[in-house]
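Report on the structure given below.
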Amino acid sequence: MDTLGPFLEILIGGLLSGVLYSLVALGFVLIFKASSVFNFAQGAMVLLAGLALVRSLDLLIGYGFPVWAAVVLALVFAGGVMALTAYFAERFVLGPLVNQDSLTLFMATIGLAFILLGAGQIIFGSDVYPLALYPTDAWILLESVFPGGILVNKLDIWGGVIAGLLVAGLAIFFQRTKIGRALRAVADDHSAAQSVGISIDWIWFVVWLASGLVALAAATVWGTKLGVQFSIVFLALKAFPVLIIGGFTSVPGAIVGGLLIGAGEKLAEAYLGPFIGGGIEYWFAYVVALLVLLVRPQGLFGERIIERI
Amino acid sequence: MSRPAVSPKAAVSPADAILSVKNIEVIYDRVILVLKGVSLDVPRGGIVALLGANGAGKSTTLKAISNLLHGERGTVNKGAIVFDGVEVHNRSPNELVRRGCIQVMEGRHCFGHLTIEENLLTGAFTRHEGKAEIAKELERVYSYFPKLKERRNSLAGYTSGGEQQMCAVGRALMSRPKMILLDEPSMGLAPQIVEEIFNIVKMLNHNEKVSFLLAEQNTNMALKYATYAYILESGRVVLDGATATLRENEDVKEFYLGISTTGRRSFREGKYYKRRKRWLA
C-alpha cells in the first residue's frame, strides 16, 4: 500500500497532464483529416487564442463588467479571432494551393505559424498574462485508503472534462452530421468530393474554425496552468509524438496518445529517473514515438490504408 | 473505297439541347493545348457517347463541362458551355451540381473510408430537404442498385469494382441530376458487369429522364446504348452522327470496332484515312 499510493498519484497526474497534450493534438487531427495538411501553425493558434482571450478578458473586467459576462464576451471575441484566422488561412494560404503536394502545404503552414505569432504578439502584447478561469488548488482523494491520500490538481480534472466533452462533440459531429460526413469525404478524395458538389473552400473553413476552437479550449487550460505566454508554442511540439502514437487521422487516437505520453513520461521520470539521472520527461515521448513509427507507422488508431488488389 | 456519308447535321437543334458545348479550347498549365475547339450537343433526355482513344480529350471535355479542370490547372480559354439554358462556363462544380449537372469521375472515386450508404448520402450534399426526403431518395437509388443495399454498411474501399461503379453512379443520382457526365464506366470491369451498368444507365435515362454524356473507350458498348456519338481524336471531333449510322461507317468499323469488311488494307489507305482526318479537323 505504501508504494501503490504514490504510483496512483503519479499515474493520475500523468494521465491528466497528458490530456493537455491531447487538446493540442486534436486540433492537428481535425485539419489533417480534412485536408491532409500537417498544420504546423496549431501551436501558434493556441497562443493566439489564449492572447485574444486573456487580453479581452482583462480589458472587460477593467471596464467593470461582471466576471461571468466578461468571460462569456471574451470567449466570443477569441472565437471570432479564430474564425478570422480560419478565413485568412483558407482564403490566402491554402485556397490558392489546392491540389499541391502536401509538403508544399506543410511549408505554407510554417509561414502561417510565424505570421500568427508575430501578428498575435503585435496586437495583444508579448508578456506573460495570468489567466484564472479554473480553480487550481489541489484536491486530496482517498485519504482513508492511502497514507496522505492522493493529490490531484483540480485544473487537471477540468482539462479532462473539457477534453472529454470535445471528443464526444467532435465524434458526433463527424459521424452524424451532414457537414461531418462531407468533411470525411473531402479527407478521402478532394476531387471526388468536388465532383458531388461539396465546396472545398467552405469545408476547409469549417475545419480550420473547428480546430481554432479546439485551440481556444486548449488555451484556456494551458493558460490557467502556465499563464498565457510564448512558450505555449513549444508545448505544442509535444503533440507530435502524441499524434504519431495515436495516429494522425484519429480523434480517439489523439486522446489515447496523449494519455499514454502523459502517464508514460511521468512514470518513467519517477521510476527510471533515479537510475539514469532524471530528465526523462523531456525525451521520453520522442523515443516512444520513434518506436511506434518502426512497428506501426499509421499509429495505434490511424486509418488503415485500404488497397484493393 | 466507299465513303459512307457522315451526317453533317448537329445532334439536335440548340433549342432542345440540355447541354451544348460550343467550340471550347482547353489548356493545361498554360502551355498544353488539349482541346482544340470541341463542339457537341446533348438533347434533353438523350444518351450521347463521346468516343476516342486514350488522350483524345474525352475526360478533359467532361471536366471542362463540370469545371473540375480548375483543380488540375486546366482552363477553358475559348468557347461557351450552355447547360439548361444558362451559360455555365467557369461556375463552381458546386453550382453546377445544384443546377443538375453532375460528373461521375473516371476510376469511380468512391470515398473508401466511408460506408456505401454514407457515400450515397454525400451525393445529397447540395440538397436541403428534410431527412425523410433524403431517405426516400436513398430507397429509390437502392431500387436501381439492389446490390448496394446488401452492402450498405461495408466500407466502399472494400467493395468490388462493379459495386464501386454502382456506388459512384448512385451517389450522383442522390443529387437528383438532370444530367450525368459519366466518364468511362466500363473501366476495369468484367463484360457482364459492364452490361449490367449500361442497362442501369438505360433504365435511369428512361425512368428518371436523366440525360447522359458518356465518355467511353468501349466503342461497341457505347454505340449500342447511346443514340448519338461524337468521336474525338487529339482534341478535335473528327466524326459524329447517330449511332445507327456510325455502326455502319467503314472507318468506325475498321478503327474502333476492329471489324474489317475488305480484308487487309493497304498502307496507302491508312494514310488516306489520316489525311482525311486532318481535313475534317
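A short reminder: the numbers here are calculations on the coordinates, not readings from a lab. Computed from a predicted structure; not experimentally measured. Glycine also receives a Cβ, built like all others from the backbone with ideal geometry; neighbour counts cover every protein chain displayed.
Can you name the helices of chain A, as whole DSSP H runs, whose Cα span along the helix axis is 27 Å or more and whose Kyte-Doolittle mean is not below 0.5? Mind dumping the intermediate values first?
Working: long enough: A:4-35 (45 Å, 1.80); A:42-62 (30 Å, 1.59); A:67-88 (31 Å, 2.14); A:102-124 (32 Å, 1.99); A:154-176 (33 Å, 1.31); A:200-226 (37 Å, 1.44); A:251-271 (30 Å, 0.96).
Helix filter hits for chain A: A:4-35, A:42-62, A:67-88, A:102-124, A:154-176, A:200-226, A:251-271.
May I ask you to sort A:Val46, A:Val98, A:Val72 by Cβ crowding, counting other Cβ atoms within 10 Å and putting the fewest first?
On the way: A:Val46 29, A:Val98 17, A:Val72 13.
Sorted ascending by nearby Cβ count, the order is A:Val72, A:Val98, A:Val46.
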Nearby lysines by direct alpha-carbon distance to A:Lys225 (threshold 22 angstrom, same-chain neighbours under 8 apart not counted): A:Lys154, A:Lys238, A:Lys266
Extreme residue, positive dipole direction of the protein assembly as shown, given options A:Gly278, A:Gly27, A:Thr220 (C-beta unit charges): A:Gly27
Listed residue (B:Leu62, B:Ala168, B:Met203) projecting farthest to the positive dipole end of chain B, Cβ model: B:Leu62
Global form of chain A, assessed from the alpha-carbon gyration tensor, a/c cut-off 1.5: oblate
Average beta-carbon neighbours from other chains, 10 Å sphere, peptide A:181-192: 6
Relative intensity, log₁₀ I(q)/I(0), of the stretch B:108-176 from a Debye sum that treats every alpha carbon as a point, q = 0.19, 0.21 Å⁻¹: -0.62, -0.75
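Tell me whether the stretch A:1-105 comes out rounded, prolate or oblate; compute the Cα gyration tensor, take square roots of the eigenvalues as a ≥ b ≥ c, and use a/c under 1.5 as the rounded threshold.
Details: a/c = 3.94, a/b = 1.17, b/c = 3.38.
Taking the square roots of the gyration eigenvalues as a ≥ b ≥ c, the stretch A:1-105 is oblate.
Counting only DSSP beta bridges with both residues in the protein assembly as shown, tell me the antiparallel percent, nearest 5. Could the numbers behind the result be given before it?
Working: 31 of 49 bridges.
Approximately 65 percent, going by the DSSP bridge assignments.
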Reach of A:Lys33 by Cα under 12 Å, taken over aspartates and glutamates that are not fewer than 8 positions away in the same chain: A:Asp188, A:Asp189, A:Glu303
Exceeding the 29 Å Cα-Cα cut-off - candidates B:Lys22/B:Lys149; B:Lys149/B:Lys209; A:Lys178/B:Lys36: B:Lys22/B:Lys149; A:Lys178/B:Lys36
Hull shadow area, averaged, the protein assembly as shown [alpha-carbon convex hull, nm²]: 34.6 nm²
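How charged is the neighbourhood of B:Glu129? Take every other residue with its Cβ under 10 Å from the Cβ of B:Glu129, and add Lys/Arg as +1 and Asp/Glu as -1.
Values: positive: B:Arg127, B:Lys131, B:Lys136, B:Arg176; negative: B:Glu133, B:Glu137.
For residues surrounding B:Glu129, the net value is +2.
Label the stretch B:32-124 by shape, choosing from rounded, prolate and oblate, from the square roots a ≥ b ≥ c of the eigenvalues of the Cα gyration tensor; if a/c is under 1.5 it is rounded, and otherwise prolate applies when a/b is larger than b/c, oblate when it is not. Don't skip to the answer; put the middle values down first.
Numbers: a/c = 1.65, a/b = 1.40, b/c = 1.17.
It is prolate, given that a/c is not under 1.5 and a/b is the larger ratio.
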Helix axis angle, B:131-144 relative to chain B longest principal axis, alpha carbon, degrees: 50 degrees
Sorted by Cβ density within 10 Å, fewest first, the residues B:Glu208, B:Glu139: B:Glu139, B:Glu208
Sequence-separation-based contact order of chain B, relative, with Cα cut under 8 Å and 6+ spacing, percent: 25 percent
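Counting each pair of different Cα atoms once, what's the Kirkwood radius of chain B in Å, rounded to one decimal? Each step should come with its number before you reach the end.
Values: mean 1/r = 0.0512 Å⁻¹.
In chain B this quantity evaluates to 19.5 Å.
Can you give the mean number of other chain Cβ atoms that lie within 10 Å of the Cβ atoms in peptide B:108-120? Numbers along the way, then the final one.
Values: counts 1, 8, 4, 10, 8, 11, 6, 0, 0, 0, 4, 5, 0.
Mean shielding count: 4.
Starting with the highest mean, order A:158-171, A:126-139 by the number of other Cβ atoms within 10 Å, averaged over the residues of each peptide.
Values: A:158-171: 17.1, A:126-139: 14.1.
Ranking, from highest mean packing down: A:158-171, A:126-139.
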Residue-averaged [θ]222 nm for chain A, counting only DSSP H segments that reach four residues, each worth -39500 (n - 2.57): -23500 deg cm²/dmol
In nm, spacing of pseudo-spin labels at A:Leu293 and B:Glu139 (7 Å Cα→C-beta vector): 5.3 nm
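Once you average over the residues of B:58-69, how many Cβ atoms of partner chains fall within 10 Å of each Cβ? Don't skip to the answer; put the middle values down first.
Working: counts 0, 0, 0, 0, 0, 2, 0, 0, 3, 2, 4, 0.
For this peptide, the per-residue mean of nearby foreign Cβ atoms is 1.
Roughly how big is the protein assembly as shown's charge dipole about its Cα centre, with Cβ charges of +1 (Lys, Arg) and -1 (Asp, Glu), in debye to the nearest 20? Please list the in-between numbers first.
Values: 54 positive and 47 negative charges, 548 e Å.
The calculated dipole for the protein assembly as shown is roughly 2640 debye.
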